[in-house]
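K.L.:
Supplied in structure tokens, the structure appears directly below.
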Amino acid sequence: MSMPEPLRANILVAGDSLAAWMGALAFSRWRPELAVAVAPYHGEDSPIADPVVIARPEFRKLMAQLGLTEADLVSECDGTFLLATRHAGWTGEAAVFHQALGTFGAPANGAAFHHYYQQMRAAGQAPSYGTFSLATSMALAGKFIHPAANPRALESAFDYRIAIDAAKLRDLAKHRALAAGVTQFSTKVMGTAWSDGRIRHLLLDGEQSAEVDFYLDCTGTARGLTGAAGWTGIQALPYRRETGSVETGDGNLSLATVTASPDRWTRELALRTRRVTETFSCLEDGLAHFGYLAVPWRGNCVALGRAACDLPALHAPAFSLLTRELGLLGALLPADPATARVEAREYNRRALTAFGHMRDAQALFEAASARTQGKPSPDLSDNLARKIEQFTSRGRLVMYDDEILSDSEWIACLLGLGFTPECVSPLAMAASVDAVCDNYLRFAKRIRQAVERMPDQQTYIQHMLAEYAKETGPDAV
Amino acid sequence: MMKDGRLKRIIIAGGGTAGWMTAAGLSRLIRPLGLDIILVESKQIGTVGVGEATLPHMRFFNQSLGLDERELMAFTHATFKLGIEFRDWGRIGDAYIHPFGDYGEDHDGIAFHHIWQHLHAQGRARRIDDWSVPVVMSERGRFAFPAADTDDLLSTYSYAYQLDAGRYAQFLRRFSEARGVSRIEGRIVDVGRTGETGDIAHLKLESGALLEGDLFIDCTGFRALLIGEQMGAQFLDWSNVLPCDRAFAVACESVEPSVAYTRATARTAGWQWRIPLQHRIGNGHVFCSHFMSDDEAAGILMGSLEGAPRGEPRLLKFKAGQRDRQWIRNCVAVGLSSGFLEPLESTSIYLIQAAITALVDGFPTGAVDARDVEEFNRVMDLEYERVRDFLVLHYHATEREDSEFWNHVRTMPIPDSLAYKMELFRERGVVATYKDGLFLHPSWIAVYLGQRMMPRRIDPRVAGLGEDVLARFAGMKGDISSCVDAQQSHDQVIAGYCPSPERSLSG
């Protein structure tokens, strides 16, 4: 009996995850002339690892390339505009701060606002740091508008993330990908035949095989194509995840909360029709599986999503990294994978940089928490150690190539977690403290007044969906 | 000297561009803290007068000081600068302009230069330069101030100045002294150190006077009197990748009309600059003494002047490289004392500015903090290395085989960091992205493409672009051309905005 002919395509995406269908959709849009196929993997963990994903502003560029709109995400994926995250309990029960995109305060005389804020604090005239952030103030009030285009307008001084129902986004991506001509194989991927650093073919269920030019490993933590070789574990506490969900159309859509205690932390955020709560608790005897692939693009195969990097869930890293990975892949897309050595090298350099930055953002919280609890600090990367050292010495924020968190987020987190500068910029010291307090308290008042004029997010979204329905009609998806 | 643990007095050793830029910056930004700033310089010691041609960043420095642009430009006989023209670098007969602005615009994540290359291959686009507003403006002798509206084609570029660096220093001296900087005339003959810490305690002048201070800024030029001779910072020699080590400089009379760009023409063993100011043209010939004699180099320079020379050519000797540490204890190097990179991309004043910015950022209000020193040195190392790579690119990415010099630089080993960038562009047309570093995407693209480094492969998504998209990009060239034709000439703008008195008298 002869073996059946291998299934053929140009690109084969292994997995049934959000990463898989986003990858398939991306390739179908980038290279419509190529045959793209998706095949499930036999040992894949739950295809939807995160109930909610959070898209950072970087996703908006990619979204346009994928033919998706914000209205799609809001309408079809239960999306909401997330303006700030309230963190509580990381360094003690009473410790609260807000992480938000956009500016906090405004620079003056060449010095960033947080230097002046330290002066206000020393003078006993500082309300919370978030008071000086439009995004935070809007979030606390449950308001939303899109940022103004005029850079001089106060209403331009913020940015936002989008909270999305991960399963619905996967379904939407799948729907759009299939509509764009992507083929879905029903047979599962059972194994991989590597040879000379390249995948020769995939073994499929029923003695079938698939032989294509380029493979995407989107099989999640199973890493079905790339395997465990090159997996670099990181020191991080293992977590057990419990997810709860309450159907409701009410409440504040603009604010997420993260509440930490010594052995767990809980995130709560609102989608359009329900509130989702996730609790991550430490496992004393669990196995840490977090880490990343040292070579996410190897030969003719690229690992995407959790197959490439799996980090603790704070900062919702999975979708941020998937966005970065797809953006990089688009920019370095090979015309011929056989000659893509240079592209792969650059991809790996930049992807690993992104993994490191995201890990650092989380390690910062772990370090602050450990410090408060008198526990030993986790190992910090040189980059993070320098960032903390420079900030605590005089409030200088060191930013590196390809960071994921914005500078305003880093500063808010560093200050909020108790990494207080020992002294401030001399540029800020030249101003009188009374004038500083006066100016910035007036600035905060302007923020409050601006927020009062804004609609709440529920209303804003209703208008948006009404416009969307007019444009697309009832059978849009 | 320090009172109550607070820093009280800053001594700037040396005037010139670096010294007075530092004095101006610190007097505007730091002096309000109640510090004394003293600059000591000697008329007996000449200054190199770096950087007649500048980069757009200089405008931000001037703005932070609150300088009036018209007044500054008139005083320094300045012209506008939209870029640098490179002649004969890829091959003899080639020319391109490295503009201070973008080429075209990206489309759905596809970089414009890939779209251009596709159009070029189809015979629908000749030079990428035609998609750059500042290039077309430069070539047609036009100038307009950039627009703030990002939808406007005139928002796609920036500008710098071509100015008399000596007069810029004078201007800043006036500015600084008005803000309380004390200038002391005197020659430094000795440096006193404190035994306990090794800090510099005072400078001894020829007059016998002792100048005590808390922080010492070394602006003594190539001599590096403080950072090198006293503090022991080693010079990292980069002449293996930047072998030019001498330059003749001479000014000549102006020729009309003036142009808003600097020119760098490759010669047999180096290159020649041409910087048009309002009242004269600055010229210089940078060369490698291993491949060319002084006499020959001077002859090439003097034989190619466009106007009558204003004096005899002056010889400068230098070595490319940087100090291994630019801040040690209470001594900070700014300008040529910190390192030297030839002025091929007009980076001298920029590197002074970068050092001042980093110094202000980490300025000690009390005892020097080792963490500030470490960060300053890290940032300046990055600045120097990334400028170095960009300069080396000009030499290495050549097809010239007409002299020993060009054969040498074309085949010499280059830093790994640059080799990586070049391979990435040559193979796939991708410009390596870095957050820190002076030169952005368009600068690298200008040199790569201007020196015939066409990528072997481009973004495959370009092949899928519809005819409507391609036609729009092809048509953008005409939009730019029309936009530029509507602008005033560079000379007209200068005459109306910032005429120098000398120009008015002669013209």
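The values are calculated or read from the model by the stated rules, or taken from the named source; none is laboratory data. Bear in mind the structure is a predicted one, so any value in this text is a computation, not a measurement. Cβ coordinates were reconstructed from backbone atoms using ideal geometry, including for glycine residues, and neighbour counts include every protein chain displayed. With ligands, DNA and RNA removed, areas are computed over all heavy atoms of the protein, side chains included. Shrake-Rupley method; radii C 1.70, N 1.55, O 1.52, S 1.80 Å.
K.L.:
Would you mind giving the average projected area, over all directions, of the Cα convex hull of the stretch A:117-187 in nm² with one decimal?
P.N.:
9.2 nm²
K.L.:
Related question: Consider all pairwise Cα distances in the stretch A:344-477 and report the whole-number % of them above 23 Å.
P.N.:
Within the stretch A:344-477, distances greater than 23 Å cover 59 percent of Cα pairs.
K.L.:
Sticking with the crude label model, points 7 Å out along Cα→Cβ, report the distance from A:T232 to B:T411 in nm, one decimal please.
P.N.:
Those two pseudo-labels are separated by 3.8 nm.
K.L.:
Then there is this: Using just the Cα positions, wrap the stretch A:53-212 in a convex hull and report its mean projected area in square nanometres, one decimal place.
P.N.:
Across all orientations, the stretch A:53-212 yields a mean hull projection of 16.3 nm².
K.L.:
Just to confirm the number: angle between the C-alpha axis of helix A:18-30 and the first principal axis of chain A, 0 to 90 degrees, nearest 10?
P.N.:
80 degrees
K.L.:
Further question on the same structure: Calculate, axis by axis, the spread of Cα positions in the stretch B:267-407 along the three principal axes, and write the results as whole Å, longest axis first.
P.N.:
Projected onto its principal axes, the Cα set of the stretch B:267-407 covers 55, 37, 22 Å.
K.L.:
A:D45 to B:E404: FRET efficiency via 1/(1 + (r/R0)^6), r the Cβ-Cβ distance, R0 51 Å, to the nearest 0.05?
P.N.:
Calculated transfer efficiency: 0.20.
K.L.:
At a 1.4 Å probe, which residues in the stretch B:417-466 are at least 20 Å² less accessible with all protein chains present than in their chain isolated?
P.N.:
Buried by the other chains: B:Y420, B:E423, B:L424, B:R428, B:V430, B:T433, B:Y434, B:K435, B:R457, B:P460, B:R461.
K.L.:
Now a separate question. Taking the alpha-carbon centroid of each part, what is the distance from the stretch A:102-140 to the stretch A:24-73 in angstrom?
P.N.:
When both Cα centres are located, 37 Å separates them.
K.L.:
Something else about it: For the stretch B:420-507, what does the relative contact order come out to in percent, with C-alpha contacts under 8 Å and a separation of six or more?
P.N.:
Worked out over the stretch B:420-507, it gives 24 percent.
K.L.:
Whole number in Å², please: accessible area per residue of the protein assembly as shown, 1.4 Å probe, ligands, DNA and RNA not counted.
P.N.:
Roughly 38 Å² per residue, with all protein chains present.
K.L.:
Another question, if that's okay. Counting only DSSP beta bridges with both residues in chain B, what percent are antiparallel, rounded to the nearest 5?
P.N.:
Of those bridges, close to 75 percent are antiparallel.
K.L.:
With heavy atoms of protein chains only and a 1.4 Å probe, what residues of the stretch A:417-454 have at least 20 Å² less accessible area in the full set of chains than alone?
P.N.:
Listed by number, the residues meeting the 20 Å² cut-off are A:E422, A:P426, A:L427, A:M429, A:A430.
K.L.:
Shifting gears a bit: Could you give the semi-axes, largest first, of the ellipsoid that matches the stretch B:119-204, computed as the square roots of 5 times the alpha carbon gyration tensor eigenvalues and rounded to whole Å?
P.N.:
51, 19, 14
K.L.:
When only the heavy atoms of the protein chains count and the probe is 1.4 Å, how do A:H463, B:H114 rank by accessible area, highest first?
P.N.:
Listed by decreasing accessible area, they come as A:H463, B:H114.
K.L.:
Same structure again: I'd like the mean, over residues of B:59-71, of how many other protein chain beta carbons sit within 10 Å of each residue's own Cβ.
P.N.:
The shielding value for this peptide is 0.
K.L.:
Carbon and sulfur atoms: what percent of the 1.4 Å accessible area of the protein assembly as shown do they account for?
P.N.:
Of the solvent-accessible surface of the protein assembly as shown, carbon and sulfur hold 49 percent.
K.L.:
Okay, next question. Output the Cα-based Rg and Dmax of the stretch A:3-77 in Å, rounding Rg to one decimal and Dmax to a whole number.
P.N.:
Answer for the stretch A:3-77, Rg first and Dmax second: 14.6, 49 Å.
K.L.:
Work out how much length A:E58 to A:L203 would gain on full extension: take 0.36 nm times their residue separation and subtract the Cα-Cα distance, in nm to one decimal.
P.N.:
Length gained, A:E58 through A:L203: 48.6 nm.
K.L.:
Could you work out the equivalent-ellipsoid semi-axes for the protein assembly as shown, taking the square root of 5 times each eigenvalue of the Cα gyration tensor, largest first, in whole Å?
P.N.:
50, 36, 27
K.L.:
Continuing with the same structure: If you fit an axis through the alpha-carbon atoms of helix A:382-394 and take the longest principal axis of the Cα set of chain A, what angle between them do you get, 0 to 90°, nearest 10?
P.N.:
Here the helix axis deviates by roughly 10 degrees.
K.L.:
Continuing with the same structure: Tell me the net charge near B:V334. Cut-off is 13 Å between Cβ atoms, B:V334 excluded, with +1 for each Lys or Arg and -1 for each Asp or Glu.
P.N.:
It works out to a net charge of -1.
K.L.:
Give me the angle, in degrees from 0 to 90, between the Cα long axis of helix B:370-396 and the longest principal axis of the Cα atoms of chain B, rounded to the nearest 10.
P.N.:
40 degrees
K.L.:
Just want to confirm a number: the relative contact order over chain B, from Cα pairs under 8 angstrom separated by 6+ residues, in percent.
P.N.:
About 23 percent, as a whole number.
K.L.:
On to the next question. List the pair-distance distribution P(r) of chain B, using every Cα-Cα distance, as the percent of pairs falling in each 10 Å bin from 0 up to the bin containing the longest distance, rounded to whole percents.
P.N.:
Once binned at 10 Å, the Cα pair distances of chain B give 4, 18, 28, 26, 17, 6, 1, 0.
K.L.:
For every other residue with a beta carbon closer than 11 angstrom to the beta carbon of A:L25, add +1 if it is Lys or Arg and -1 if Asp or Glu, then tell me the sum.
P.N.:
Summing Lys and Arg as +1 and Asp and Glu as -1 gives +4.
K.L.:
Taking only C-alpha pairs under 8 Å that are 6+ residues apart, what is the relative contact order of the stretch A:251-384 in percent?
P.N.:
Once normalised by length, the contact order is 16 percent.
K.L.:
Pairs A:K61/A:K188; A:K61/B:K477; A:K445/A:K470; A:K61/A:K174: which are spaced more than 30 Å apart, C-alpha to C-alpha?
P.N.:
Correct reply: A:K61/A:K188; A:K445/A:K470.
K.L.:
Next up: So what are the stretch B:180-325's ellipsoid semi-axes, whole angstrom, largest first, if each one is the square root of 5 times an eigenvalue of the alpha-carbon gyration tensor?
P.N.:
38, 21, 13
K.L.:
What value, in deg cm²/dmol to 500, does the helix sum -39500 (n - 2.57) over DSSP H runs of n ≥ 4 give at 222 nm once divided by the residues of the protein assembly as shown?
P.N.:
Mean residue ellipticity at 222 nm (helix-derived): -11000 deg cm²/dmol.
K.L.:
Could you work out the local net charge near A:V246, counting Lys and Arg as +1, Asp and Glu as -1, over the other residues with Cβ closer than 11 Å to its Cβ?
P.N.:
Local charge sum for A:V246: -1.
K.L.:
Any idea of A:T243's accessible area? Nearest 10 Å², probe 1.4 Å.
P.N.:
80 Å²
K.L.:
Kindly report, to the nearest 10 Å², the accessible surface of B:Y157 as traced by a 1.4 Å probe over protein heavy atoms only.
P.N.:
20 Å²
K.L.:
Rounded to the nearest 100 Å², what's the accessible area chains A and B bury against each other, both chains counted, probe 1.4 Å?
P.N.:
It comes to approximately 3200 Å² buried between A and B.
K.L.:
Next question, about the same structure. For the stretch B:379-507, I need the span (max minus min coordinate) of the C-alpha atoms along each principal axis, in Å, sorted largest to smallest.
P.N.:
52, 45, 39
K.L.:
For chain A, what log10 I(q)/I(0) values come out of the Debye formula at q = 0.06, 0.08, 0.09 1/Å, with one point per alpha carbon and no solvent?
P.N.:
Those come out to -0.29, -0.51, -0.64, one per q.
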